[in-house]
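The values are calculated or read from the model by the stated rules, or taken from the named source; none is laboratory data. Not measured: the values here are computed from a predicted model. Glycine also receives a Cβ, built like all others from the backbone with ideal geometry; neighbour counts cover every protein chain displayed. For accessibility, only protein heavy atoms count, side chains too; no ligands or nucleic acids. Shrake-Rupley method; radii C 1.70, N 1.55, O 1.52, S 1.80 Å.
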Amino acid sequence: MALTAAAPVKVVAICGSLRKDSYNRGLIRAAIELSKGDIEGLQIEDVDIAALPMLNTDLEEDGRFPVEVEAFRRKILEADCFLFASPEYNYSVTAPMKNALDWASRPPNMWGGKAAAIVSAAGLFGGAKGQSHLRDIGVFLDLHFVNKPEFVLDIIHPPPKLDAHGHFPDEHTLLRLKKILLSLKAFSLQLRSNNNN
């Protein structure tokens, strides 16, 4: 189905951390809240990757995947674009994130030709090195990343980034997040329009 300015852009959001109170999961919650209030035409679904088995092609039988993987691949196929909330582990993406990327890239590749944006909350470099690695992976997957604005959040240095309820109280952080969501929406619409011409 072709996207139009009136049709909501379907975003699948994937958090690379499995921890319930992860800062990166908090970014997805904040993005969902923004999409319900400040940004029209953006529908964000937080898709959990915790249940995915580790990639093992022995689990594929007659072109079929395990039930959890089939459900995940369907979500990826039906999405217009993606929001990756990607922490940085050892200068790279997390194992659960890489596992999810790999499962949905098994033939046929579910990621190809779609827009994506990355947000990261991490220490030291705020996740910038991990984002760079994710972009490298995205080249093979034929993902088209939003280049600007970038979003990395240093969670080590004060002030505290989350309040007691797991929300980001800082208006500047929320404004930066809103800008990247608007860019993702515009880029997704542009790619769809180009593909339909």
Tell me which of PRO107, MET97, PRO159 sits at the most positive position along the dipole axis of the range 56-166, charges placed on C-beta atoms (Lys, Arg +1; Asp, Glu -1). PRO159
Rounded to the nearest 20 Debye, what is the dipole magnitude of the range 1-87 about its Cα centre when Lys and Arg each give +1 and Asp and Glu each give -1 at the C-beta? 280 debye
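I want the local charge near ARG19. Using Cβ-Cβ distances under 13 Å, sum +1 for each Lys or Arg and -1 for each Asp or Glu among the other residues.
Details: positive: LYS20, ARG25; negative: ASP21, ASP48.
Result for the neighbourhood of ARG19: 0.
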accessible surface per residue for the range 42-197, probe 1.4 Å, DNA/RNA/ligands not counted, whole Å² -> 52 Å²
With every protein chain left in place and a probe of 1.4 Å, what is the accessible surface of GLU61, to the nearest 10 Å²? 120 Å²
Considering only Cα-Cα distances, which of the following residue pairs are longer than 20 Å: LYS114/LYS185; LYS75/LYS148; LYS75/LYS129; LYS10/LYS179; LYS75/LYS114; LYS20/LYS148? LYS75/LYS148; LYS75/LYS129; LYS20/LYS148
Everything considered on the Cα gyration tensor (a ≥ b ≥ c; rounded for a/c under 1.5, else prolate if a/b is larger than b/c, else oblate), the chain must be described as oblate
Which values, in whole Å and largest first, are the semi-axes of the equivalent ellipsoid of the range 123-197 obtained as the square root of 5 times each eigenvalue of the Cα gyration tensor? 29, 17, 8
Accessible surface of VAL152 in the full protein assembly, 1.4 angstrom probe, to the nearest 10 Å²? 50 Å²
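Which percent of the accessible area of the chain is formed by carbon and sulfur heavy atoms (probe 1.4 angstrom)? Write out the running numbers ahead of the final one.
Numbers: 5520 of 10240 Å².
Carbon and sulfur: 54 percent of the exposed surface of the chain.
If you place +1 on the Cβ of every Lys and Arg, -1 on the Cβ of every Asp and Glu, and leave all else neutral, what size is the dipole of the chain about its Cα centre, to the nearest 20 Debye?
Numbers: 22 positive and 24 negative charges, 86 e Å.
Roughly 420 debye for the chain.
Return the tail of the calculated pair distribution for the range 40-87, meaning the percent of Cα-Cα pairs more than 13 Å apart. Don't skip to the answer; put the middle values down first.
On the way: 732 of 1128 pairs.
So the pairs more than 13 Å apart make up 65 percent of the total in the range 40-87.
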Kindly write out, for the range 175-191 in residue order, the coupling ³J(HN,Hα) from the Karplus curve 6.51 cos²θ - 1.76 cosθ + 1.60 (θ = phi - 60°), rounded to whole Hz, with x marking Gly and Pro. 5, 4, 5, 4, 4, 6, 5, 5, 5, 4, 4, 5, 5, 4, 5, 5, 4
Report, largest value first, the span of the C-alpha coordinates of the range 1-103 along each principal axis, in whole Å. 45, 36, 21
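Quick one: which of 63-69, 101-107 comes out on top by average Cβ neighbours within 10 Å, and what's the full order, highest first? Show your work: numbers first, answer last.
Values: 63-69: 13.7, 101-107: 18.3.
Going from most to least packed, we get 101-107, 63-69.
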